[in-house]
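Colleague: Before we start, here is the structure in question, set down as structure tokens.
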Protein chains: 2
Amino acid sequence: MKIVLDAMGSENMPAADVEGAVQAAQLYKQDQIILVGREELINRELAKYDLSGLNLSVVHAEEIIDMTDKPRKVVRGKPNSSMHVGLNLVKDGRADAFVSMGNTGCTLAVAMLGTLKRIAGVKRPAIGAIFPMPHRPILLDNGANADCDAENLLQFGIMGSIYAAVVNGKPNPTIGLLSNGEEEGKGNKLVQEAGELLAQSSINFIGNVEPKDFMQGRVDVAIADGFVGNVMLKTAEATARALTDLIRSEIKSSVLSTVGGMLARPALRRAGASLDPDEIGGAPLLGVNGVVMIGHGSSGSKAVRNAIGQARQAVDSGIVEAIKKGIETG
Amino acid sequence: MKIVLDAMGSENMPAADVEGAVQAAQLYKQDQIILVGREELINRELAKYDLSGLNLSVVHAEEIIDMTDKPRKVVRGKPNSSMHVGLNLVKDGRADAFVSMGNTGCTLAVAMLGTLKRIAGVKRPAIGAIFPMPHRPILLDNGANADCDAENLLQFGIMGSIYAAVVNGKPNPTIGLLSNGEEEGKGNKLVQEAGELLAQSSINFIGNVEPKDFMQGRVDVAIADGFVGNVMLKTAEATARALTDLIRSEIKSSVLSTVGGMLARPALRRAGASLDPDEIGGAPLLGVNGVVMIGHGSSGSKAVRNAIGQARQAVDSGIVEAIKKGIETG
């Protein structure tokens, strides 16, 4: 398997990206990790590591897309970017997946409009966020589409169902529609319309769900428009961060609790890891002709390594072919 | 001051409601707590407590609105409900505020359509959730209006600004518009339109904010439509619950960490309390002609007691008059 990593992606590029690639290459020795970006910058980073026995290669790309770039401009405006070059390797069959911690909007635009293009029949590709909880619930869309119609949400349901089935290994996964209440008649107009379409579809739709149902594992996949999904994901992250910070500062506030905190540290760490987004590292872009994983710009090497792991799993499961078939048959 | 409590509100009514009222009466001895609902049920609960020196009274209401009732039906269909009777006490000037842990949709409908009515000029009253964090940020709307237009969001900004100023004592509070990114051009169509209106208003609007800005105290008030606001609030609650449960089970998983957890228990408890919605207990319904506080159906006595405390503060601050003036002047 060949996985392309955009080495110019993260805010700490190329250091964090290259370090994550080296870690992934150590983990997955049978696979090839292809680093795409400015060759001299990548090689300078690679020189810091012992690469013996690792299957890493570098493909040069002259242009860099940064966090200030506008999606509409880069598709034609930076045709030699690491995103274009990397995604074209996947398009041309010379690699199996593309992973980037870079500008999400630009990754989407280059994948959808400039390189891989949408799967036939898919109106809007969506970003599926996998929550770092034991049951690995999936939320989509997580920001690709701020305004959606009911048919978009139906397709998100189909794609999310397929992802949960083939990648997370859940046969006949349950799909819920995120709402402000479970009762019939709850929800905004979009949710009410989408609920009717989802109920008529062939997926295992269980109706409206609230955030707690998603967090507690009552559904495998929750569907929302990209605005709501993004607010939900970021609220979960911000709350976990706020609570962790509070616990840390309260534990430090007395000698006894400091000692207690030290004894309980491994337990606290395990609990933290269960909600740590870096444990997943990447979110799949579903609905394009290839495996694409998108990570946070602030990702460190751990998130990069885990995003590459997610990409491997997605390739292994044949997600793109499965979505093609699923969208065809509805 | 006279505060009405809907004794038929919570899922554990009247036990939890009456217990909370007794606790509030112990705390606020100069005030009167008026319990409204089935007299015989309330008196049976009251008999469990030592009421000497407490200023508690009971007003009978024959009908009960429960969680399965539909807002549209109860306004005319249950005219003798505890909600109608209690809200009319406020409307008629015989009490200063109304507090209920009951069916939110029905409380809204009875307050807006059946009793207090909207403040002149207010298109849509909104529920303002106060987050239980040290800086007490306010999010509105939190579920009263699943579908909103830009002008609704502008009015939410004005009412939220006034609430933060007069109740939370924040002069010139900062107002942000909840979005899937801070950058200009981010947000769905509604957010983009509302952002323009808010920028032209006289409130201290600082632009788009993300959930983390709200959690970390970068804004005093965040504005969202009721669907998004409700998803955000419930996600924060569900995440805090999930993390707390994880920590508890991880701490129990070894002897050392169990000991550590015992030593750190007071610190962990303080951290938990900082994010415990029961510490606030009630959310104000802003934009009606009277002080109304709405709580979770699952509330226990602590939440009821604290919601009564919130209502006292709102009455003290003259929030209704302030909103009248604010909406008039824009």
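Values in this text are rule-based calculations from the coordinates and carry no lab data. What you see is a predicted model, and the numbers here were worked out from it, not measured in a lab. Heads up, the Cβs are rebuilt from the backbone with ideal geometry, glycines too, and the neighbour counts pull from every protein chain shown.
Colleague: Name the most mobile residue of B:113, B:256, B:268, meaning the one with the largest mean-square fluctuation, in a Gaussian network model of chain B with Cα contacts below 10 Å.
Modeller: Comparing B:113, B:256, B:268 in the GNM, the peak value goes to B:256.
Colleague: Taking the DSSP beta bridges in the protein assembly as shown as the whole, what percent of them are antiparallel, to the nearest 5?
Modeller: Looking only at bridges with both residues in the protein assembly as shown, the antiparallel portion is about 20 percent.
Colleague: Where both partners of a DSSP beta bridge lie in chain A, what percent of those bridges are antiparallel, to the nearest 5?
Modeller: Percentage antiparallel, nearest 5: 20.
Colleague: List the distances, in nm to one decimal, from the label point of residue B:172 to the label points of the same position in every other copy, shortest first, placing each label point 7 Å from Cα along the Cα-to-Cβ direction.
Modeller: Those label-point separations list as 6.2 nm.
Colleague: Which net charge results when you count Lys and Arg as +1 and Asp and Glu as -1 among the other residues whose beta-carbon is under 11 Å from that of residue A:142?
Modeller: My count for the surroundings of residue A:142 gives -1.
Colleague: While we're here: Going by C-beta contacts inside 10 Å, put A:100, B:301 in order with the fewest on the left.
Modeller: Sorted ascending by nearby Cβ count, the order is B:301, A:100.
Colleague: What net charge is computed for the residues neighbouring residue A:41, neighbours being all others with C-beta under 12 Å from the C-beta of residue A:41, Lys and Arg scored +1, Asp and Glu -1?
Modeller: Charge balance in the 12 Å sphere: -3.
Colleague: FRET efficiency for residue B:253 and residue A:47, Cβ-Cβ distance as r, R0 = 51 Å, nearest 0.05?
Modeller: 0.75
Colleague: What Kirkwood Rh does region B:133-278 have if only Cα atoms enter the pairwise 1/r average? Answer in Å.
Modeller: Result for region B:133-278 stands at 16.6 Å.
Colleague: So how compact is region B:243-321: Cα radius of gyration and Dmax in angstrom?
Modeller: Rg and Dmax of region B:243-321, Cα atoms, are 17.9, 58 Å.
Colleague: Okay, moving on. Applying the Karplus parametrisation 6.51 cos²θ - 1.76 cosθ + 1.60 with θ = phi - 60° to the phi angles of region B:291-304, what ³J(HN,Hα) value in whole Hz is obtained for each residue in order, glycine and proline being reported as x?
Modeller: 7, 10, 10, 10, x, 4, x, 7, 4, x, 4, 4, 4, 4
Colleague: Before anything else, pin down the relative contact order of region B:133-278: Cα pairs under 8 Å, at least 6 apart, normalised by residue count, whole percent.
Modeller: Here the relative contact order equals 33 percent.
Colleague: Oh, and also: For label points placed 7 Å from Cα toward Cβ, what is the shortest-first list of nm distances from residue A:149 to its copies?
Modeller: Values, ascending and in nm: 2.2.
Colleague: Residues with amide H under 5 Å of residue B:174's amide H, sequence separation 5 or more or different chain, H placed in the peptide plane at 1.01 Å from N; which?
Modeller: When sequence neighbours closer than 5 places are left aside, the close amide H contacts are B:220, B:221.
Colleague: Calculate one ³J(HN,Hα) per residue across region A:146-162 by plugging θ = phi - 60° into the Karplus curve 6.51 cos²θ - 1.76 cosθ + 1.60, and present them in order as whole Hz with x for glycine and proline.
Modeller: 5, 10, 10, 10, 4, 5, 4, 5, 4, 5, 4, x, 5, 5, x, 4, 5
Colleague: Right, another one. Just B:121, B:261, B:143 to compare: in a GNM of chain B, with alpha carbon springs under 10 Å, which one fluctuates most?
Modeller: B:261
Colleague: Over chain A, what portion of Cα pair distances is larger than 31 Å, expressed as a whole percent?
Modeller: When every Cα pair of chain A is considered, 33 percent fall beyond 31 Å.
Colleague: To the nearest 20 Debye, how big is the dipole of region A:151-284 about its Cα centre, given +1 on the beta carbon of each Lys and Arg and -1 on that of each Asp and Glu?
Modeller: Computed charge dipole of region A:151-284: roughly 700 debye.
Colleague: Residue A:269 to residue A:316: FRET efficiency via 1/(1 + (r/R0)^6), r the Cβ-Cβ distance, R0 41 Å, to the nearest 0.05?
Modeller: 0.85
Colleague: Assume the label is 7 Å from Cα along Cα to beta carbon: what separations in nm does residue B:322 have to the matching positions in the other copies?
Modeller: Copy-to-copy label distances for residue B:322: 5.4 nm.
Colleague: Rounded to two decimals, what is Rg over Rh for the protein assembly as shown when you use alpha-carbon atoms and the Kirkwood radius?
Modeller: 1.01
Colleague: Okay, moving on. Which net charge results when you count Lys and Arg as +1 and Asp and Glu as -1 among the other residues whose beta-carbon is under 12 Å from that of residue B:318?
Modeller: Value of the local net charge: -1.
Colleague: Turning to a different aspect of this structure: Pick from B:230, B:306, B:43: which is most flexible by mean-square fluctuation in a GNM of chain B where alpha carbon atoms under 10 Å apart are linked?
Modeller: B:43
Colleague: Could you tell me what fraction of 2.2 N^0.38 Å the Cα radius of gyration of region B:11-81 comes to, as a two-decimal ratio?
Modeller: The value comes to 1.23.
Colleague: Let me ask something else. I'd like the Karplus ³J(HN,Hα) series for region B:274-283: coefficients 6.51, -1.76, 1.60, θ = phi - 60°, whole numbers in Hz, and an x wherever there's a Gly or Pro.
Modeller: Computed from phi, the couplings for region B:274-283 are 5, 10, 8, x, 5, 5, 9, x, x, 10 Hz.
Colleague: How many Å³ per residue does the convex hull of the Cα positions in region B:194-244 occupy?
Modeller: Each residue corresponds to 76 Å³ of Cα convex hull volume.
Colleague: Here is a follow-up. Rounded to the nearest 0.05, what FRET efficiency is calculated for residue A:196 and residue A:113 with R0 set to 45 Å and r the Cβ-Cβ distance?
Modeller: Once rounded, the FRET efficiency stands at 0.90.
Colleague: Return the long-range amide H neighbours of residue A:32 (sequence gap of 5 or more, or a different chain), with a cut-off of under 5 Å between placed amide H atoms.
Modeller: It is A:2, A:3, by chain and number.
Colleague: Of A:91/A:325; B:70/B:325; A:2/A:170; A:170/A:324, which ones are farther than 24 Å apart at the Cα?
Modeller: B:70/B:325; A:2/A:170
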